[in-house]
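Inspection log for the structure reproduced underneath, given as structure tokens.
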Amino acid sequence: MVPNGPLTDDGLVQLLTPAGRRTAHPDYDPRVAHLDADALRALYRDMVLVRRFDSEATSLQRQGELALYAQCLGQEAAQIGSGRALAPQDQVFPSYREHGVAYTRGVDMADVLRLFRGIDHGGWDPTAFGFHLYTLVIGSHTLHATGYAMGVQRDGAVGTGDPARDAAVVTYFGDGSTSQGDVNEALVFAAVNNAPVVFFCQNNQWAISEPTSRQSRVPLADRGPGFGVPSVRVDGNDVLATYAVTAEALERARSGGGPTFIEAFTYRMGAHTTSDDPSRYRSAAEEEYWRQRDPIDRLRLHLEDSGELSPEFLDALAADGEALGERIRTAVRAMGRPSAASMFEHVYATPNSVVESERTWFEAYEASFLDAGQHSEGTHR
């Protein structure tokens with residue numbers, strides 16, 4: 001690691017070492033003091049099941065059941081820790097790799113794969129889960145999140161002191177997105193409007209094949225203060241630290257304190273997508289270095305050392321993983337092809353006369369081929 005460079009681990013908030021040892025941090029210990037053994041096991045279970053989903057989805061793509069898939073392998077702690085810090089009324093604007101956050105929001109994981117199977121632009125109702133649709137245009141959703149947060153602010157749902165009402169918005173993006181103009185514009189709007197939004201950057205160190213060191217000379221979190229946005233760097237493979245810093249940032253947003261930039265320093269252990277071959281641009285030694293810092297192993301070691309990970313719990317979790325895998329395989333293979341006319345659905349939030357007229361024309365156009373075929377068949381007879 002280069003001191004003060006974009007990949008330095010200096011200054012990272014960490015509550016669990018890679019060996020699973022609990023470390024003290026006066027600023028963030030209170031944020032996790034309520035997490036007892038049951039809560040820690042629940043976090044461990046979340047990460048294990050999300051990884052099982054990730055593995056199943058990757059296999060389904062290799063079998064031709066999905067057109068493409070973007071893994072979250074290695075980033076489970078960053079996603080589960082931050083996702084579990086959210087309140088029900090909070091809103092999430094993800095990119096396309098936040099499967100762990102989707103899990104924490106209650107989205108059916110089979111529905112996440114509708115996009116990757118190519119049969120839906122989304123797959124779930126954002127209003128029902130407070131989790132908006134995946135965005136493939138890099139960084140564009142940070143503007144959507146900021147605008148939504150400004151709306152929450154104007155609706156008076158910030159700083160009331162009512163924990164059931166005050167809301168925050170969080171947007172997830174990768175290190176590569178920080179080079180996009182949209183992200184920088186979102187930071188400007190968030191800062192000057194004191195919007196209740198958390199910018200959660202998962203720095204997995206690779207923007208496809210472009211390393212973070214080719215995008216910045218300093219840690220990515222250092223960009224926040226330039227916009228007037230408080231920033232923090234956290235060990236993104238530490239689920240407790242990620243939970244703690246996200247809880248603090250969300251509390252600041254809900255209370256009217258404005259935006260926060262979180263850089264979760266983690267590692268993309270898999271490929272960028274299933275169309276990528278990371279062996280062409282990074283070494284096996286680098287991958288092994290980060291494999292030794294696996295986020296799931298870290299919490300497992302902590303629970304084992306504490307005597308809080310029983311064989312019965314692990315057996316039940318393994319069975320749950322098998323059941324999840326089977327359900328995902330069955331659900332994906334049962335997904336039918338949507339009608340072509342379904343592309344006109346959900347274009348706008350309310351009925352639109354132009355869209356409806358285009359739907360009517362398209363349905364008549366499709367029917368004309370059917371009519372012509374039937375007429376031809378009748379003539380042939």
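The values are calculated or read from the model by the stated rules, or taken from the named source; none is laboratory data. This structure is a prediction, so every number in the text was calculated from the model and none was measured. Note that each Cβ is placed from the backbone with ideal geometry, even for glycine, and that neighbours are counted across all protein chains shown. Note: accessible area is taken over every heavy atom of the protein model, side chains too, but ligands, DNA and RNA are not part of it. Shrake-Rupley method; radii C 1.70, N 1.55, O 1.52, S 1.80 Å.
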- Tally Lys and Arg at +1 and Asp and Glu at -1 over the other residues with C-beta under 13 Å from the C-beta of Y69: what net charge comes out? 0
- Give me the accessible area of M335, 1.4 Å probe, in Å² rounded to the nearest 10. 30 Å²
- Query: Out of residues 5 or more away from Q75 or on other chains, whose amide H comes under 5 Å of its own, with H placed 1.01 Å from N in the peptide plane?
  - Reply: M269
- Item | Net dipole in debye of the stretch 101-184 [+1 Lys, Arg Cβ; -1 Asp, Glu Cβ; about Cα centre; nearest 20] | 60 debye
- Message: So for each of 228-236, 30-38 I average, over its residues, the number of other beta carbons within 10 Å; can you give me the resulting order with the highest mean first?
- Response: 228-236, 30-38
- Given a Förster distance of 30 Å, the FRET efficiency implied by the Cβ-Cβ spacing of I208 and E308, rounded to the nearest 0.05, works out to 0.15
- Message: With just the Cα atoms defining each centre, how far is the stretch 223-261 from the stretch 295-356? Give it in Å.
- Response: 27 Å
- Query: Out of (i) 32.6; (ii) 23.1; (iii) 16.5, which label holds the value of mean projected area of the Cα convex hull in nm² that was computed here?
  - Reply: (ii)
- Query: Could the peptides 245-252, 60-67, 9-16 be put in order, highest first, of the mean number of other beta-carbon atoms found within 10 Å of their residues?
  - Reply: 245-252, 9-16, 60-67
- Counting only protein heavy atoms and using a 1.4 Å probe, what share of the accessible area of the stretch 252-345 belongs to carbon plus sulfur, as a whole percent? 50 percent
- Note on the structure: Once phi for every residue in the stretch 100-117 is put through the Karplus expression 6.51 cos²θ - 1.76 cosθ + 1.60 (θ = phi - 60°), the whole-Hz ³J(HN,Hα) values, with Gly and Pro written as x, are x, 5, 4, 4, 5, 8, x, 5, 5, 5, 5, 5, 4, 8, 4, 5, 6, 7
- Query: Using θ = phi - 60° and the Karplus form 6.51 cos²θ - 1.76 cosθ + 1.60, what ³J(HN,Hα) does each residue of the stretch 310-318 get, whole Hz, x for Gly and Pro?
  - Reply: 7, x, 5, 5, 5, 5, 5, 5, 4
- Task: Along Cα→Cβ, 7 Å out, is where each label goes; now give me the distance between the ones at T273 and Q292 in nm to one decimal.
- Result: 3.4 nm
- Which value does Rg/Rh take for the stretch 24-103 over its C-alpha atoms, Rh per Kirkwood? 1.06
- Rounded to the nearest 10 Å², the 1.4 Å probe accessible area of T127 is 120 Å²
- Item | the stretch 1-65-the stretch 127-194 distance, computed between alpha-carbon centres (Å) | 23 Å
- Query: In nanometres, what is the gap between the two model label sites at R165 and H34, each 7 Å from Cα along Cα-to-Cβ?
  - Reply: 2.0 nm
- Task: Mind checking the full-extension length gain between Q63 and A19? Use 0.36 nm per residue of separation minus the Cα-Cα distance, one decimal, nm.
- Result: 12.2 nm
- Message: Quick check for me: using +1 on Lys/Arg Cβ and -1 on Asp/Glu Cβ, what's the dipole size of the chain about its Cα centre, in debye to the nearest 20?
- Response: 420 debye
- Query: When all protein chains stay in place, what accessible area (Å², nearest 10, 1.4 Å probe) is found for H121?
  - Reply: 150 Å²
- Message: So for the chain, averaging the separation of alpha carbon pairs under 8 Å that are six or more residues apart and normalising by length, what relative contact order in percent results?
- Response: 23 percent
- Check A168: other-chain or 5+ apart residues with amide H under 5 Å from its amide H, H built from backbone geometry? D90, Q91
- Message: Using a probe radius of 1.4 Å on heavy atoms only, what accessible surface per residue do you get for the stretch 258-381? Whole Å² is fine.
- Response: 62 Å²
- Item | Electrostatic dipole magnitude of the stretch 218-312 [Cβ: Lys, Arg +1; Asp, Glu -1; Cα centre; debye, to 20] | 500 debye
- Query: Given V192, A102, H132, which one lies farthest toward the positive end of the charge dipole of the stretch 79-208, if we put +1 on the Cβ of every Lys and Arg and -1 on the Cβ of every Asp and Glu?
  - Reply: A102
- Heavy-atom accessible area with a 1.4 angstrom probe orders R298, R154, most exposed first, as R154, R298
